[in-house]
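The values are calculated or read from the model by the stated rules, or taken from the named source; none is laboratory data. The structure displayed is predicted, hence computed values, not measured ones. Cβ atoms come from the backbone with ideal geometry, glycine included; neighbour counts cover every protein chain shown. Heavy atoms of the whole protein, side chains included, go into the accessibility calculation; ligands, DNA and RNA do not. Shrake-Rupley method; radii C 1.70, N 1.55, O 1.52, S 1.80 Å.
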Amino acid sequence: MDLHDREAAVLFHTYKRLPLAVERGDGVYVYAQDGKRYLDMFGGLAVNALGYAHPRVVQAITAQAARYTHLSNYFLQEPQVRLAELLCRHSGYPRVFFANSGTETTEGAIKIARKWGSTRGKEDIVAFTNSFHGRTMGALSLMDRPKYRDGFGPFLGNCRVVEFNNPSAFATAVTEHTAAVFLEFIQGEGGVRPVSMEFAAALDALHTKFGFLIIADEIQSGAGRTGKFFGFQHYPVSPEIVTMAKPIGGGLPLGAILAREDVAGVLEPGMHGTTFGGNPVACAAGIAVLEEIDAHGLVAAAALRGARLKAGLDSIAADFPRRVREVRGFGLMLGLELDRPGDGAVDEMRNRGILINCTDATVLRFLPPLIIGDDHVDETVAALREVIAAYGR
Ligand SMILES: Cc1ncc(COP(=O)(O)O)c(C=O)c1O
């Protein structure tokens, strides 16, 4: 029995696995058991910001594991404090709460919003169609897609999902009872769809008018991927709360809620917590990620490499206008929408030694490590051009 058969025999059937048995990863490449090398252009779905087996991350994990892998949150832990200091410095937010995953930060942010609103007569939460905030019940309450929700209700009350990028629908949905508005400024799973400037302006105006909290889900887009530390920084808005996960644990499970001082202050000791949140080994890996981002200017690099990749994808779109509907995104968070389901192109790219992902059925998604070079970008564009050319003009 090979690994696929063994998996099918014992694990829940919740994931569609790629037909690829990975032996190890190194930098921007993964190596299969048959020795074949693949350029990874979706980087653990935005987790592997420094690629695989980055020496600084490996060293940090090893050193911390030898000190202690767990203490419990009864104890002060240097790696937690240091990573929080780095996140505060990079983000401009003064307070951090650590969780273990993206969806847990969504749950924590919902709780903060409800608590904050409970003394202000504000208990409604507004979110948007096509978004993705996680798989737990609170997160699902902020989403609309049947694929994730069907059969799992009933969901949380006082949550309303309104049409994404529709300023007038949004204007009718928010009131003085709105506690929070949750959004991905660049929807990831939903097909790499950025918020429009028109919508951002409406959000900003209604934020000022009604005084609700803006909660930016930066789980996929955060930590420099879009060419700015946060995706929302491409817009004139000031969220009170930001949720992060994916890249900040260097490949280990870690999430973080960042908040303004007065908002963080609604949680007093004992009101919220987690056994594993802020695990010292995950935090040590996260410190290595942020230090490396700083040392090598990887946010600026994401903007530069991203512009090159976008120019390449745009040129394919210009040459094959009937095959490519749109190219979207910022920095190294880009999507190319095809005129057909994208799974075939993903397979064709893999046959050419390049791993990409397809989301929202027709959108080829690029989330490469921030350490990719121009040569990797050019190789990806050349391969994709061949794949799309084969569909005919
Ligand atoms: C924008 C966004 N929010 C939330 C999540 C959920 O994160 P996790 O899978 O770590 O729970 C994801 C995961 O893909 C995401 O992309």
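General observations
- The residues listed here are N166, N130; of these, the one that is of a type in the set (S, T, N, Q), closer than 19 Å to E218 by Cα and open to solvent by less than 60 Å² (accessible area, probe 1.4 Å) is N130.
- Each residue in the stretch 26-44 was checked for being out of contact with any strand residue (DSSP E or B) (no Cβ under 7 Å at 6 or more places or on another chain) and open to solvent by less than 60 Å² (accessible area, probe 1.4 Å), and 3 of them qualify.
- Looking only at residues of the stretch 176-199 that are more than 12 Å from the ligand (Cβ to nearest atom), among the aliphatic types (A, V, I, L, M) and crowded, with 20+ Cβ neighbours inside 10 Å, we find that the one that is nearest to D124 (Cα to Cα) is A179.
- Out of I110, I125, sole residue that is outside any helix (DSSP H, G or I), farther than 18 Å from F230 by Cβ and touching a Leu at 6+ places or on another chain (Cβ under 9 Å): I125
- Residue check, G331 more than 20 Å from G188 (Cβ to Cβ) and open to solvent by less than 30 Å² (accessible area, probe 1.4 Å): no
- Candidates are the residues of the stretch 260-280 that are open to solvent by less than 80 Å² (accessible area, probe 1.4 Å) and within 21 Å of the chain's Cα centre (by Cα); the one that is farthest from A216 (Cα to Cα) is N279.
- Pairing residues of the stretch 133-157 that are assigned to a loop (DSSP other than H, G, I, E, B) with residues that are away from the ligand (no atom under 14 Å from the Cβ) and of a type outside the set (S, T, N, Q), at Cβ distances under 6 Å and at least 6 apart in sequence or on separate chains, gives L142/C159; D144/V161.
- Note on the stretch 249-264: among residues that are closer than 17 Å to P94 by Cβ and in contact (Cβ under 8 Å) with a residue 40 or more places away in the chain, the one that is farthest from the ligand (Cβ to nearest atom) is E261.
- A search for C-beta distances below 6 Å between a residue of the stretch 8-29 that is without any contact (Cβ under 8 Å) to a residue 60 or more places away in the chain and any residue that is surrounded by 11 or more Cβ atoms within 10 Å (Cβ to Cβ) and of a type in the set (V, I, T), counting only pairs 6+ apart in sequence or on different chains, returns V22/V30.
- Residues that are within 20 Å of P269 (Cα to Cα), within 13 Å of the ligand (Cβ to nearest atom) and β-branched (V, I, T), drawn from the stretch 85-107: T105, T106
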